[in-house]
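This report concerns only the one structure given below.
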Amino acid sequence: MTIPLGHYLMLSGLLFAIGLGGALTRKNAIIVLIGIEIMFNAGILNLIAFWHYNHFAVLTAQMFAIFAISIAAAESAIGLALVIAVYRYYKSVDVDEMKSLKG
Amino acid sequence: MDELVRQQWLIPFFPLVAAAIQSLLKRSQRKLSASLTIGAMSLSCIVALRSFFGTLGGEHHWPFFRNFTWFQFGTTHTQLQLGFILDPLTAAMAAMVTFVGLMIFINATGYMAEDENFTRFFCFMSLFAAAMLGLVVANNLLFFFICWELVGLCSYLLIGFWYFKPSAAAAMKKAFITTRIGDIGFFLGILMLYWQTGTLNLYDHGHGALEQANRLGALTGWWGLSMAGTIAFLLFVGAMGKSAQFPLHVWLPDAMEGPTPVSALIHAATMVAAGVFMVGRMFPLFVACEHDWVMDFVMWIGCFTALFAATIAVAQWDIKRVLAYSTCSQLGFMMMALGAGGLAPGQFHLLTHAFFKALLFLGSGCVIIGTHHEQDMRKMGGLRKYMPITFACYLAGTLALAGVPPFAGFFSKDAVLLATYHRCRLAWGMATFAAFLTAFYMTRQIALVFFGKWRGGEASQRHGQEHHGHGQHGGEPHEVPWNMWLPIAVLSVFALALGWWEHGHHHYLTPDDEMHEEGKVLVMGLSIAVGALGILLGWLIYGRKTMEHADSADPLQATANWLFTPLNRKWYIDEIYEATIIRLTMWLGTAFRFIDKAVVDGILHGVVWLARAISQFFRWVGDELIINGGFDTACESVRESGGLMSKLQSGRVQNYFRVLGLGAAILLVIYFLRLGR
Amino acid sequence: MYIAFWFISIITVIGALLAVVLRNVVHCVLSLILFFLGIAAHYFLLRADFIGAVQILIYVGAVAVLILFAIMLTRNVTGGEGPREILGGTWWTGTITAALIAAILCWAVSVDRVAGVAPAGAQAKSSVLLIGRILIADWVVPFEAMAVLLTAALIGAVVIALEEVMRRR
Amino acid sequence: METIYQLLRSAFAKASDAVLLAVAIAVPILFIVAVYPLIFAYTTLVERKALGRVQNRYGPNRVGRWGILQPIADGLKLVIKEDIVPRSADKFVHFLAPVIAVIPSLLLFAVVPIAPGLVPVNLNIGILFAFAVSTASVLALFMGGWASRNKFSLLGAMRAVAQVVSYEVPMVLAAVAVVMAAGSLSTLGIIKAQSHGFANIGGWFVWRPWGFVGFVLFTIGAMAESARTPFDIPEAESEIIAGYHTEYSGFKFALFQLGEYLAAIAMAGITVTMFLGGYLGPGSGPGFLGGLISAFWFFTKLAAMILLNIWIRGTWPRVRVDQLMGFAWKILLPMSIINIVAVGIWYYVHSRPLAWTISTLLLVLAVAVLSKLNASGTIEKRTYRYAG
């Protein structure tokens, strides 16, 4: 009574697509970041699923997951700091308005 | 010997650490910064000299090298290795770079004494030296390329050190972009080499890229060349950019916008030497394709550059610009020697040239400081009396460059000419003429700068006090402090003596190469003769009767204006580039904009029109009320998509992201389809 | 197991979906937290306890809170997003792209028939102990690099966000 | 859970596995849901009494003898009070917040052992789980404050979030020291690491220099994390009414209180587990009697910790917002990092006296330096510009 690996892969694919959709369609920069976080998590879920099914004895995948989570944390911190900085300038977090290269 | 190889990494390491520490220093910590740079360079110099003297004695089976794995990736353990090498080429080059670099650094403490960004300058200089030394000791093309690009970056930073001057900012960009053009070739060459040999190590116990050169020579490549020839050609393109060979030489004279020690470092020891050194390093590849036209190409490019730049140098006013074109010309000599199959003469000339050209540049730096930041030779003159030490050293450098017998330049230039003589008489003739011009323009420079009477005063009187004299000194030229003249004095000793060394170590650089002795007397005699002739002619025109005023015409200009003006304008090369390449680029830009407007928009409008037409058709056929609305919206969205397409480059991050996503989707489909097969 | 998997999966997907479609940004973050918790539950289900706990600690405890702070700092704190359009001008292209990716990924999974064998051997007695060991032994360089990265990110974030204050001084 | 299962197994050999398992799972849950809220109820009474004594008054003494029925009366009152939801509030989140406030607090108890082997769930990541869950409590505060659409609520919520996130860091680092010493993340493992020594007391981590410092750090952190005075900035009545639960009334308010107190109690339990040897004490051990004595010791220590909390609450003034953050980042955080170094030295140096000397010296030095660095300077003599 085990769940096939394919289920997890499909789930993570679906989550990835949802995150992508959010990142692509929403105007709010914070929601774009949220979409990116969702994609990150979908990827890590994939990693852990593969670990559980194919490489249970070694912990390399868990290491990767730990590092990926840390990087995601750093990334979100920087991303949000940027959003705040941009907000200070444009008084908006609308990604459609952040389109000029000159500040 | 093994131990010497093992310590090779120290050579670039010290300046690198110095640069890293200096990047953290405050502006005010000038002494610390300078002593760090000089100390690190001294340590490197000791290590380099140790390996140099270690390689001198005894017969060894060169090269010695040591590779190690940097990292590996993938399941097949694709390894990326780095390595260090020790052979005579590297040892001599490292010793030269560290020693000359050290001299330049010491001189720079004087030259830059009043600059407020002193620490930044020395940080860049250290990094520059580290990159160059890394390139010298690299046994791996990747490492080589990294250092190569770092050298380019540092030269960019240093040429534009005074970035607030528009000319410096322009020059830095020009240098960077021009060398980058060459680097494309270099990079392609590296890629092809990796493709063909599967390794980037130069030597690796029979598996290295250079050790497979003969195999590559047998393969067929592109453009009617063997594979080795193709790669060698691409690599040479890189060397052309870096070593300022025609037609990529344009950046070098402009690079004079940097501080003079930078010019010395770039033109003597490091950047331009990198290209020649690279050709020398990859020489097995060039030898493997000896029957292709690549070697001839190298030789002719070198020969042409030598002559071409020498002619321009005849008619320049700026003291550094003359030296810059002279460097260009000398690099041409080196390339020519390499192209003629003479690795040893080419590299030997590189070494001697490094010493006396560094000497000349530092000497010109002393002159510039001594005359309160004056660079125009017309406003100098008579400095012999004011700056005797500088004059003596400068004279030594000039004689070395002109190829007067006991000086270093004579021996190396003679070797170059001899090598060319055996390959091609025409090239030899052109090169000899270039040697004549060299003697001529150097004599002109000496005469203008050091003889006659001081013309700077009247100019500064005329222009008011726009040249800020530094400190309490007035308009009179003065001798420079000891930390500036000491290095050039040391270097002038080498300019005098280095040639003799070659006699004892004839086979140092290429142990198995037999020097051709025939024709030596002819070549040597002619070389001495043209040198003497050049000096004589130069003295006759410029020395006998010196210029009276700063704005009076050049004697050569007075007699032969039709010749002088094109030379002074550098054969209009920049103008030609302006008219051709830059114009072409702009034309292309216009054309693409037209294509964008007419074709892309046309297609999109066509699509809209088609959709409209279809909707018209359906309006006849189907239910007007329902379908109508639907198709109107469809048309609207198609129109919108047209608008989207024409606004592709909108600066909207999500649009880019979308394209990225679509691209990923397409790649995924391709990947899985291939996987399925 | 099946029930747990489906239950958690549905919660996770709903959380993710709501996180990107809701109008109110704070609601989005709350759904995102639901999604994070669902993912953590999946990790527990996959017997990666440590990763699960780390997931909650970092994502729910840090990232979500960070996002909430960012929201509070970037908009008028009480109002919703207002009447403005929440979707970008050409949202449908994004949707199509996402749908395409989803289709491809699902198709790839079904075509590839990725075979996974259920874990045969029992896990090491304490995987946490093992993780600690290899983190300090085999993975110590990445570990340290990560520490440096996080420090740099922290400083960078502070500098970027404090720009205004710095300039004022 | 496993222990209960084993017990049941031995008692009812014939019963089906599933039933036994279900019972084994249900018993700890029931225990947590029944016992700890009871403790909470009487904690409020004790707190009010104790505060009363501190402030020189009686405290509740009307409902039942010594006011013993007061908590029940309070509970009844809160249940029958009107539940007011502000009109502009975000109804759903407003409703959800108090519910979520209770869940992490209850989950925390899942890893607190009360006797040898008697822990609701013996996770091998116990402490990590505790921290992971306790961070989630901040969300409830935020949701409550944000959903109320009230400036004071939101301010309180932001303060709460900032405070909890800040104090989380030194707290976790203080726990890292313990985890390093015990070599285990499991709560049972940590207690086991303290079980040697005189009469099951000598091995407690609190008797080590780093353990003592860690204990102090952790206690402060736990107090701040559960927003208790002197760290009750998020609900400082004199500044922002009642903070994030300004707009709550009736049973929702009670749930917030429940969550807050349960978190404080659970944190006290974890402090006991990590530093005070958990259930260890003279006579504790396996077996029925040993188990009873163990549980007695655990609850005694728990009570002591709660009383310590109350005592501090009664005698300390509230800190200011800027002091609060400065305290976390400038004193607690460096101190906890130095504490980790001290643990490292403790286990690196083999000679005990030397280890004692070095780590004590290090910590004392750190305290001295940190307090010197953070000294706010001398207070200048006050000058009056207008008066006199």
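The values are calculated or read from the model by the stated rules, or taken from the named source; none is laboratory data. What you see is a predicted model, and the numbers here were worked out from it, not measured in a lab. As a convention, Cβ positions derive from the backbone with ideal geometry for all residues, glycine included, and neighbour counts pool all protein chains shown.
Among the residues of segment A:40-55, which ones are over 12 Å from the mean Cα position of the chain (by Cα), polar (S, T, N, Q) and within 25 Å of residue A:74 (Cβ to Cβ)? Answer for segment A:40-55, where residues must be over 12 Å from the mean Cα position of the chain (by Cα), polar (S, T, N, Q) and within 25 Å of residue A:74 (Cβ to Cβ): just A:46.
For segment B:305-323, a residue qualifies if it is charged (D, E, K, R) and touching a strand residue (DSSP E or B) at 6+ places or on another chain (Cβ under 8 Å), and exactly one does: B:318. Restricting segment B:305-321 to residues that are crowded, with 24+ Cβ neighbours inside 10 Å and within 17 Å of the chain's Cα centre (by Cα), the residue that is farthest from residue B:444 (Cα to Cα) is B:305. If you check A:75, A:37 for being more than 7 Å from chain C (Cβ to nearest Cβ), under 17 Å from the mean Cα position of the chain (by Cα) and not β-branched (Val, Ile, Thr), only one passes: A:75. Determine, yes or no, whether residue A:81 is of a type in the set (Gly, Ala, Ser), within 27 Å of residue C:74 (Cβ to Cβ), surrounded by fewer than 24 Cβ atoms within 10 Å (Cβ to Cβ) and more than 7 Å from chain C (Cβ to nearest Cβ). It is false that residue A:81 is of a type in the set (Gly, Ala, Ser), within 27 Å of residue C:74 (Cβ to Cβ), surrounded by fewer than 24 Cβ atoms within 10 Å (Cβ to Cβ) and more than 7 Å from chain C (Cβ to nearest Cβ).
If you go through segment D:345-353 one residue at a time, do you hit one that is outside any helix (DSSP H, G or I), modelled with pLDDT under 85 and among the hydroxyl-bearing types (Ser, Thr, Tyr)? Checked against the condition, which is being outside any helix (DSSP H, G or I), modelled with pLDDT under 85 and among the hydroxyl-bearing types (Ser, Thr, Tyr), segment D:345-353 yields at least one hit. Selection of segment D:165-180 for residues being of a type in the set (A, V, I, L, M) and modelled with pLDDT of 85 or more yields D:169, D:171, D:172, D:173, D:174, D:175, D:176, D:177, D:178, D:179, D:180. In segment B:383-398, is there at least one residue being of a type in the set (A, V, I, L, M, F, W, C), more than 24 Å from residue B:492 (Cβ to Cβ) and part of a loop (DSSP other than H, G, I, E, B)? No, every residue in segment B:383-398 fails to be of a type in the set (A, V, I, L, M, F, W, C), more than 24 Å from residue B:492 (Cβ to Cβ) and part of a loop (DSSP other than H, G, I, E, B). Candidates A:16, A:56: the one that is of a type in the set (Phe, Trp, Tyr) and either in contact with a His (Cβ under 9 Å, 6 or more places away or on another chain) or part of a loop (DSSP other than H, G, I, E, B) (or both) is A:56. Within segment B:643-664, does at least one residue satisfy the condition of being at pLDDT below 60, at the interface with another protein chain (Cβ under 8 Å from one of its Cβ atoms) and either within 26 Å of residue C:104 (Cα to Cα) or over 42 Å from the mean Cα position of the chain (by Cα) (or both)? Among the residues of segment B:643-664, at least one is at pLDDT below 60, at the interface with another protein chain (Cβ under 8 Å from one of its Cβ atoms) and either within 26 Å of residue C:104 (Cα to Cα) or over 42 Å from the mean Cα position of the chain (by Cα) (or both), which makes the answer yes. Evaluation of residue A:91 against the conditions (1) surrounded by 19 or more Cβ atoms within 10 Å (Cβ to Cβ); (2) more than 7 Å from chain C (Cβ to nearest Cβ) shows that the sole unmet condition is (1). Checking D:97, D:147 one by one, the residue that is at pLDDT 85 or above and over 19 Å from residue D:36 (Cα atoms) is D:97 and no other. Looking for something at pLDDT below 80, part of a loop (DSSP other than H, G, I, E, B) and of a type in the set (Asp, Glu) - is there at least one such residue anywhere in segment C:149-163? No, the conditions are met nowhere in segment C:149-163. Scanning segment C:37-48 for residues that are without any contact (Cβ under 8 Å) to a residue 24 or more places away in the chain and more than 9 Å from every other protein chain (Cβ to nearest Cβ) gives a single hit, C:44. For segment B:311-331, the set of residues classified as farther than 19 Å from residue B:399 by Cα and of a type outside the set (Val, Ile, Thr) consists of B:315, B:316, B:317, B:318, listed by residue number. Select from segment D:101-120 the residues that are among the β-branched types (Val, Ile, Thr) and out of contact with any Ser or Thr (no Cβ under 8 Å at 6 or more places or on another chain) and write down the one among them that is nearest to residue D:151 (Cα to Cα). Checked segment D:101-120; the qualifying residue nearest to residue D:151 (Cα to Cα) is D:102. Among the numbered conditions (1) out of contact with any Asp or Glu (no Cβ under 8 Å at 6 or more places or on another chain); (2) not in a helix (DSSP H, G or I), the only one that residue D:86 does not meet is (1).
Here is the figure for segment B:14-31: residues that are in a helix (DSSP H, G or I) and either in contact (Cβ under 8 Å) with a residue 24 or more places away in the chain or touching a strand residue (DSSP E or B) at 6+ places or on another chain (Cβ under 9 Å) (or both) total 7.
Give the residues of segment C:1-36 that are more than 8 Å from every other protein chain (Cβ to nearest Cβ) and either assigned to a helix (DSSP H, G or I) or closer than 20 Å to residue A:2 by Cα (or both), sorted by residue number. Passing the criteria: C:3, C:4, C:6, C:7, C:8, C:10, C:11, C:14, C:15, C:18, C:31, C:34.
Checked against the criterion of being under 17 Å from residue C:101 (Cα atoms), more than 7 Å from chain C (Cβ to nearest Cβ) and under 12 Å from the mean Cα position of the chain (by Cα), segment A:7-24 has at least one qualifying residue.
Quick check: anything in segment A:56-70 within 8 Å of chain C (Cβ to nearest Cβ), closer than 25 Å to residue C:7 by Cβ, of a type in the set (Phe, Trp, Tyr) and more than 16 Å from the chain's Cα centre (by Cα)? The answer is yes, given that some residue of segment A:56-70 is within 8 Å of chain C (Cβ to nearest Cβ), closer than 25 Å to residue C:7 by Cβ, of a type in the set (Phe, Trp, Tyr) and more than 16 Å from the chain's Cα centre (by Cα).
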